[in-house]
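Asks: Below is a structure I'd like to ask you about.
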Amino acid sequence: MRYSDLAGKEIIDIDQGIRLGVVNDTDLIIDTAEGRVAAIVIPARGGFWSRRELEIPWHGIRKIGVDLIIVDLSTAVDREAVRAADRTALHSAAAVGDTTRDSKYSSRGGSRGGHDHRRFQLGP
């Protein structure tokens, strides 16, 4: 499947039927070691200054149709919560002199879980 096959499709939650966004407004996280899409990142609804994002792993994508992508929102991870947990872990690690967590838990690209994940912005 090509990116052009996904571009412009609406993303809909399977349980609530709510529209989450359009692929053009999202990012993909690519697992370069395996050469596949690891997750799709959707900006969460919020205020103008909100930076919240929902990361839906590839296994959370239930169906890719002609016009829609159906996802299971219950598989999503709130990326801001992950960043906050990472910051807490980094502060705790720094307090005891352990700085090995810096690159392992990078929230934007870099190595995570032994795989090289890269984030690519889709759209303008």
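Only the coordinates and a few stated rules stand behind these numbers; no lab work does. Just so it is clear, the structure is predicted and the values come from calculations on it, not from any experiment. Reconstructed Cβ throughout: ideal geometry from the backbone, glycine too, with neighbour counts over all protein chains shown.
Asks: May I ask you to list the residues of the stretch 11-29 whose amide nitrogen lies under 13 Å from a point 7 Å from Cα along the Cα→beta-carbon direction of ARG62?
Replies: Answer for this model: 12-19.
Asks: Using 1/(1 + (r/R0)^6) with R0 = 41 angstrom and r between the beta carbons of ASP5 and VAL77, what's the FRET efficiency to the nearest 0.05?
Replies: Efficiency for this residue pair is about 0.95.
Asks: Fewest to most neighbouring Cβ within 10 Å: what's the order for ARG52, ARG19?
Replies: Fewest-to-most Cβ neighbours within 10 Å comes out as ARG19, ARG52.
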